[in-house]
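A short worksheet on the structure shown next.
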Amino acid sequence: MINAVLVFNNTGQPRLTKFYSQIDVALQQRLISEIFTLVANRPPSACNFLPLPPLLQKTSSEALSDTDQPTRIIYRHYATLYFIIIADDLESELGLLDLIQVFVECLDRIFENVCELDLIFNFETLHQVLAEMIQGGGVVEVDRATIVDSVKRAAKVTKRPQATLPDVTRSGSPSSGRSTPVHMSHRGSGVTGIGSNDFVWSGR
Amino acid sequence: MSSRTLRAAGSLIPGSRDSPIMFEKSLYDLIRGLRAHKGNERAYITQSLQECRTEAKSNDMDIKCAAILKLIYLEMFGHSMAWASFHVLEVMSSQKFVQKRVGYLAAVQSFRLDTDVLMLATNLLKKDLSSPNQFELSLAINGLSHIVSPSLARDLTPDLIAKMNHSNPYIRKKAVLVMYKIFLQFPEALRTSFPRLRERLEDSDETVVSATVNVICELARKNPKNYLPLAPQLFNLLTTSKNNWMTIKIIKLFASLTPLEPRLVKKLIPPISNIIQTTTAMSLLYECINGLISGGLLTNLAGTTEGEDLAVICINKLRGFLVEGDSNLKYVALLALTKMTRTHGYLVSAEKDVILECIDDEDVSIRLRALELVVGMVDEEILQQVVGRLIRQLKPPTDDEAEAMEKEDEYDYDDEDDDGEEKLTRKTQRKGKQTLSLPDDYKDGVIRRIIEMCSKDTYANMPDFEWYIDVLVQLVRYCPSERKRVGGTGHGALDDEDFEEAYTAGAGKADVGEEIGRELRNVAVRVKTVRRQATEAAELLVGRSSMMFPATGGGGRRVLLAAAWVVGEYAEHLRNPNETIDSLIQASNASLPPDVVATYVQAIPKVYSYLTSNDSIAWTAARKSTVTLLTSRVIEFLELLSSSPHLEVQERAVGFLEIFRLGKEAIAEQPANGIRSGDTDENDDEDNGVQVVYDPPLILTQAIPSLFHGFELNPVAPRAQRKVPIPDGLDLEAPINPQLAFLLSAADYDAAESGEDGADTEADEEFERFYYQKPVVIAETAAQRIDRAAARDTPAGNNALTGSYQSGEDTYLDPDILARRKAERRERNRDDPFYIGSGNSGRTTPNPLGGEQFDIDSIPIMKLDLGDGGGGVGLVKGDVRGAPVSRTKVEIAGDEGEGEEDDDGEGDEKGNAIAGGVRIKGRKGRGKDILNIDSSNLVGFSLEEPEEDLLAQEEEVARAKKEVEKLRGEMARAAERVKAANAQQTAEVSTPPGPAEATAKKKKKKKATAPDGDGGGGETTKKKVTKKKKKEGTQQQGGNEDQQAAAAEGSTPMVKKKKKKRRSSTAEAGEGAGEDAG
């Protein structure tokens, strides 16, 4: 079970918070800042797994007795953004790494050269993409085409072509983050050995 | 506002086109505003929140929706929108999909189980779940997966079960997945929906199958037994599936099933090894190996050739992960190897070359994993090497030898460490070195691991205790500075608030310094052969405490707690007791943490007594004045502490203060040799001449030492007391003295004795820490010993895996410690015929060529003390340093009272469990279980309705029917009787239904609670029964009651009253049932 999906930028500003268990808003913020502290201090060559932050730490005896505890935090760093998944041990670490990759690629397809600003101004779309992938902590879909298709078709229900929406915001947005599209600068070494380069899940 | 903004806003907020003039901020404006107000965002947010409050109340759905969207955005930054839940519900019920979607998103992000509008959402969700639009439908399902509550789950289960057969796989997969959330809240749904869930395993759409596997995987972890029948289907999927994600889940699922069905193991091995050999996906490969390990497959096959082959394949693959160079693979490989050490330790140990490399990996996560693994596989051979590597990590990155020498002189490592923290990172960055600035908790963890490694199984792996003591002293210098817990503010480590603070700060355990101290003490007590060295190390720590541990929170200061105890207890081993007592009674010590000071107070009289009790030293004037001076200084120090705000310190100080004052008096009265004075108690040895010889005062030679000399302290298992049988006739409950209160009030007078009690608690503490340790006697062959001695003195060179670690020693031990080691070694080897000294030892090897010059007298004759070499204990008496080679056996004292019963291990576990339990309790209290999904409902939940339940229900129904029949008859008779009575006397007032009704009520209660063991089905039957009873017009229990009332009174209750009673009892019965269900 996936416990939470978080996206925040290099300064710790949240861009997406999705908790699959109901916790207090203040605790959410504390958790985010704790994870941010952990993640911000890591060198780029470090592995993509974080130790548990103090808030989630358990003594060993508890960890053994209680299997529902979140045990792993997986992150990936793309340009200005950190993508974080907190999960328990029924999820595969390496699999979740790819899941983040799928998420980012879907966003990239929808926004075409996605950057942080797209996510800020379209955070509802961000939630929609995530909802197509993960529902209530379980993974529903990992195929990029299907996910993107669903999001786009749902947008059509609004009688307004959603595809133009990113362009609108983009043309109007300040160009600060524009030069570094997220997908261009993600860490290439992160998925060494995990599947081919086209990141289609089922093809691995 | 530019047209661009309007367009953007319009596209986000549908309907805004209809109202071209917008006064309200759209989300877009909000975000832009936030970006424009950098610096004073808080004020802007407060203002925006205020606007949202009014906008949310608007009648215009568009405005309301925009407000909610803004609130969701702000919620992300920690501004709760719980207050808006009703408005969220309004938006959710909007006709427009876009608005509905905002509403659902808001619900997902902000609703909690206790949100009160949740119960109003049932109909809305029901409606949306029947929507023909797949996206509305999916919206509702996704929303439900977040906000589902027990009542929502109960009400919506039928709708969702229907959706599991929806024609569109897009809906099916979501409906399947949401069922897990439903089960969590309403386990009964599992029984009704399971057949359909099972069907989904055969679904034509792969994602639906995958979702189903996902759900079953989660369920199976809670109660695997239920899902064993699915094994064939799952097995089929495993062999045919091309979807890696699903294969991973299936393997995880089988890992929960195999412990229950060992026969699965044989069946699973071929397909899994096939995947391992063929797959190109690292994640799948890893999960296969992981599944083999955590599913117990390897354990199950342990011993068979098949299992061994498989294990070897796994290890080889994992080794591949480690050398691959990808840090993620390294990390997971270490995780898997850690799990494998339990079953295949020897195979893992074979890979120690690559694993040890990971200890020095630049990634702290990997280091920690490797460390965990190494702790499990460390043995006598590699212990020193591993510890050496770790200590080198802790060493501040100043590899300049000269600087190190400076440090040696100054002894303020921790000070430098503190304010050098920033500098350190800067420096390394400038140098472009790969060194990371190590976080304090990492250092902390490393030190704990070192201690854990070394002390494992009561030092089973410890090859050299003197080395260990040096390591401990070195570690004290590398202790990270104390966080939060600054001595002198609270009541020390035992203070609750302090403790809690430390706990929340993530420390959780005892201070590292304290841990190191415990080890030092442990070694001093258990290993007699190095007691001297341990004491000297403690002496060093105590002696230099003011420099090593500055009052401003230098790390590791709490090591003094144990060091002071060792210094006191083994004062006879002190190198320089005079200096030690000087440092113990320094006035600045009063600012140490109170529990440390308390130990100091206890140690002072011990050292004092060692210094003064020797009656063979002539009681000369000089001696007398020295002792007087010492005593006065001790008194001065204790007086300082006698007003300490910490009770323990104060009590001990006052107690000993009195003793020392007595001592001082006695000293003053006791004349020194050569002076004629009068009236002390012993003055036998008088010469006829002028010279008079006096003994030292008895209080010094007898009284004070007797406080501390008794039996030697040995490690005692904390449970040893339990094994002492309680003597017959001993009643532990009976008060020893009935006048307890009086005694307590008079206890002030016994302050002096409390000091001695203090010594006892000291000892208790001492024993506490042996709790988890078992006695092990380790043996070391002379050959090994010599090998090592030889290795130690080879010049620095190979730092390879085996053999020389000495070469590395000077890179992690500080120069002063090294110098001491060297000197000791020289000393030790002086009489060692196998050792060729480096300097001019004056002894030359006999030269066979120069036989003539050879002087037979120059051959050193060594006296072999055979009598002393018998047992390990015997060696203690001799000079340890003089007999290094014969120290083939180091005796490590085990806990007394252990090993007599077999249940020791069990007891240990119990102790662990208790400790764990306490911790859990503490955690829970602090609400630590965030992110935890409460699945306790599903644990042990059976798919089948328990049979005994059904039987019980049937029985109950039958019984109830019978009773109803019987009662009907009785009622009829009673009615007749009443009729007759009525005819006789109509106006008579009946007696109030006192005791009879009371008993009836009681009976009724019992009935309501007794038979119905488990809620669920039992409850429904009960309801049915109740209904039936109602239909029949005579409520069973009411009738019973009436009957009894009638029988008891024997009088003639009125029909009217009876009816009333009946009604009330019906209500009560209903209540009873309700309570029961609840």
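Tell me which residues, restricted to the range A:1-27, are under 24 Å from A:GLY138 (Cα atoms) and more than 16 Å from the chain's Cα centre (by Cα).
A:SER21, A:GLN22, A:ILE23, A:ASP24, A:VAL25, A:LEU27
From B:LEU190, B:LEU197, grab the single residue that is more than 10 Å from chain A (Cβ to nearest Cβ), more than 23 Å from A:ASN3 (Cα to Cα), in a helix (DSSP H, G or I) and not small (Gly, Ala, Ser).
Within the list B:LEU190, B:LEU197, the selection yields B:LEU197.
In the range B:224-262, which residues are assigned to a helix (DSSP H, G or I) and small (Gly, Ala, Ser)?
Once the filter is applied, which keeps residues that are assigned to a helix (DSSP H, G or I) and small (Gly, Ala, Ser), the range B:224-262 yields B:ALA231, B:ALA255, B:SER256.
Is at least one residue of the range B:361-374 away from chain A (no Cβ under 14 Å), outside any helix (DSSP H, G or I) and surrounded by fewer than 18 Cβ atoms within 10 Å (Cβ to Cβ)?
no
For the range B:452-466, enumerate the residues that are more than 17 Å from the chain's Cα centre (by Cα) and assigned to a helix (DSSP H, G or I).
B:MET453, B:CYS454, B:SER455, B:LYS456, B:ASP457, B:THR458, B:TYR459, B:PHE465, B:GLU466
Check B:LEU69 against each of (1) within 14 Å of another protein chain (Cβ to nearest Cβ); (2) touching a Leu at 6+ places or on another chain (Cβ under 7 Å); (3) farther than 27 Å from A:ARG30 by Cα; (4) aliphatic (A, V, I, L, M) and name the one condition it does not meet.
(3)
Starting from the range B:307-325, keep only residues that are touching a residue at least 24 places away in the same chain (Cβ under 8 Å) and on the phi < 0 side of the Ramachandran plot, then list their pairs with residues that are surrounded by 13 or more Cβ atoms within 10 Å (Cβ to Cβ) and basic (Lys, Arg) whose Cβ atoms are within a distance under 6 Å, requiring at least 6 positions of separation or different chains.
Hits for this filter: B:LEU322/B:LYS330.
Return the residues of the range B:613-672 that are hydroxyl-bearing (Ser, Thr, Tyr), under 44 Å from the mean Cα position of the chain (by Cα) and surrounded by fewer than 15 Cβ atoms within 10 Å (Cβ to Cβ); say none if nothing qualifies.
B:SER643, the sole residue that qualifies.
Taking the range A:8-28, which residues are in contact (Cβ under 8 Å) with a residue 12 or more places away in the chain and either within 16 Å of A:LEU56 (Cα to Cα) or more than 7 Å from every other protein chain (Cβ to nearest Cβ) (or both)?
Listed by number, the residues that qualify are A:PHE8, A:ASN9, A:ASN10, A:GLY12, A:ARG15, A:LEU16, A:LYS18, A:PHE19, A:TYR20, A:SER21, A:LEU27.
Can you find a residue in the range B:301-310 that is over 30 Å from the mean Cα position of the chain (by Cα), modelled with pLDDT under 85 and buried (at least 18 other Cβ atoms within 10 Å of the Cβ)?
Within the range B:301-310, one or more residues are over 30 Å from the mean Cα position of the chain (by Cα), modelled with pLDDT under 85 and buried (at least 18 other Cβ atoms within 10 Å of the Cβ).
Are any of the residues in the range B:104-121 touching a Cys at 6+ places or on another chain (Cβ under 9 Å) and not acidic (Asp, Glu)?
No, there is no match, as no residue in the range B:104-121 is touching a Cys at 6+ places or on another chain (Cβ under 9 Å) and not acidic (Asp, Glu).
If we scan the range B:72-81, do we find a residue that is on the phi > 0 side of the Ramachandran plot, over 42 Å from the mean Cα position of the chain (by Cα) and within 12 Å of chain A (Cβ to nearest Cβ)?
no
Restricting to the range A:66-97, name every residue that is more than 26 Å from B:LEU257 (Cβ to Cβ), within 8 Å of chain B (Cβ to nearest Cβ) and not in a strand (DSSP E or B).
Hit for the range A:66-97 is A:LEU97, nothing else.
For the range A:2-18, which residues satisfy the criterion of being outside any strand (DSSP E or B) and within 16 Å of A:PHE123 (Cα to Cα)?
Correct list: A:GLN13 only.
If you scan the range B:87-107, which residues turn out to be of a type in the set (Val, Ile, Thr) and facing chain A (nearest Cβ under 8 Å)?
Hits for the range B:87-107 are B:VAL98, B:VAL102.
Looking at the range A:32-57 only, could you name the residues that are assigned to a helix (DSSP H, G or I) and more than 7 Å from every other protein chain (Cβ to nearest Cβ)?
A:ILE32, A:SER33, A:GLU34, A:ILE35, A:PHE36, A:THR37, A:LEU38, A:VAL39, A:ALA40
May I ask you to list the residues in the range A:115-142 that are touching a strand residue (DSSP E or B) at 6+ places or on another chain (Cβ under 8 Å) and either more than 18 Å from A:ALA4 (Cα to Cα) or more than 9 Å from chain B (Cβ to nearest Cβ) (or both)?
Scanning the range A:115-142 gives A:GLU116, A:LEU119, A:ILE120, A:LEU126, A:LEU130, A:MET133, A:ILE134.
Cβ-Cβ below 7 Å, separation at least six or inter-chain, first residue in the range B:235-253 and more than 9 Å from chain A (Cβ to nearest Cβ), second among the basic types (Lys, Arg): which pairs?
Sorted first by the residue in the range B:235-253, then by its partner, the pairs are B:PHE235/B:LYS267.
Name every residue in the range B:319-334 that is closer than 19 Å to B:LEU292 by Cα, more than 8 Å from chain A (Cβ to nearest Cβ) and not charged (D, E, K, R), in order of residue number.
Those that are closer than 19 Å to B:LEU292 by Cα, more than 8 Å from chain A (Cβ to nearest Cβ) and not charged (D, E, K, R): B:GLY320, B:PHE321, B:LEU322, B:ALA333, B:LEU334.
Do we have B:LEU297 as more than 14 Å from chain A (Cβ to nearest Cβ) and over 17 Å from B:HIS344 (Cβ atoms) here?
Answer is no for this residue.
Tally the residues that are surrounded by 15 or more Cβ atoms within 10 Å (Cβ to Cβ) and more than 11 Å from A:PHE121 (Cβ to Cβ), restricting the search to the range B:30-48.
So the answer is 7.
Checking B:ALA84 against (1) aliphatic (A, V, I, L, M); (2) surrounded by fewer than 19 Cβ atoms within 10 Å (Cβ to Cβ); (3) more than 8 Å from every other protein chain (Cβ to nearest Cβ): exactly one of these is not met. Which one?
Tallying (1) aliphatic (A, V, I, L, M); (2) surrounded by fewer than 19 Cβ atoms within 10 Å (Cβ to Cβ); (3) more than 8 Å from every other protein chain (Cβ to nearest Cβ), B:ALA84 fails exactly one: (2).
Consider A:VAL5 carefully, then state whether it is more than 10 Å from chain B (Cβ to nearest Cβ) and within 23 Å of A:GLU132 (Cβ to Cβ).
yes
I need the full set of residues from the range B:335-347 which are modelled with pLDDT of 85 or more and within 14 Å of chain A (Cβ to nearest Cβ), in order please.
Matches in the range B:335-347: B:LEU335, B:ALA336, B:THR338, B:LYS339.
Residues are listed down the side, and each one gets a yes or a no for (1) small (Gly, Ala, Ser); (2) modelled with pLDDT of 85 or more:
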| residue | (1), (2) |
| --- | --- |
| B:ASN316 | no, yes |
| B:GLU324 | no, no |
| B:LEU329 | no, yes |
| B:SER349 | yes, no |
| B:ASP363 | no, no |
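Return yes or no: is B:VAL387 closer than 22 Å to B:ASN328 by Cα and either modelled with pLDDT of 85 or more or within 14 Å of another protein chain (Cβ to nearest Cβ) (or both)?
For B:VAL387, the condition - closer than 22 Å to B:ASN328 by Cα and either modelled with pLDDT of 85 or more or within 14 Å of another protein chain (Cβ to nearest Cβ) (or both) - is not met.
The values are calculated or read from the model by the stated rules, or taken from the named source; none is laboratory data. Since the structure is predicted, the reported quantities are computational estimates derived from the model, not experimental observations. We place every Cβ from the backbone using ideal geometry, glycine too, and count neighbours over all the protein chains shown.
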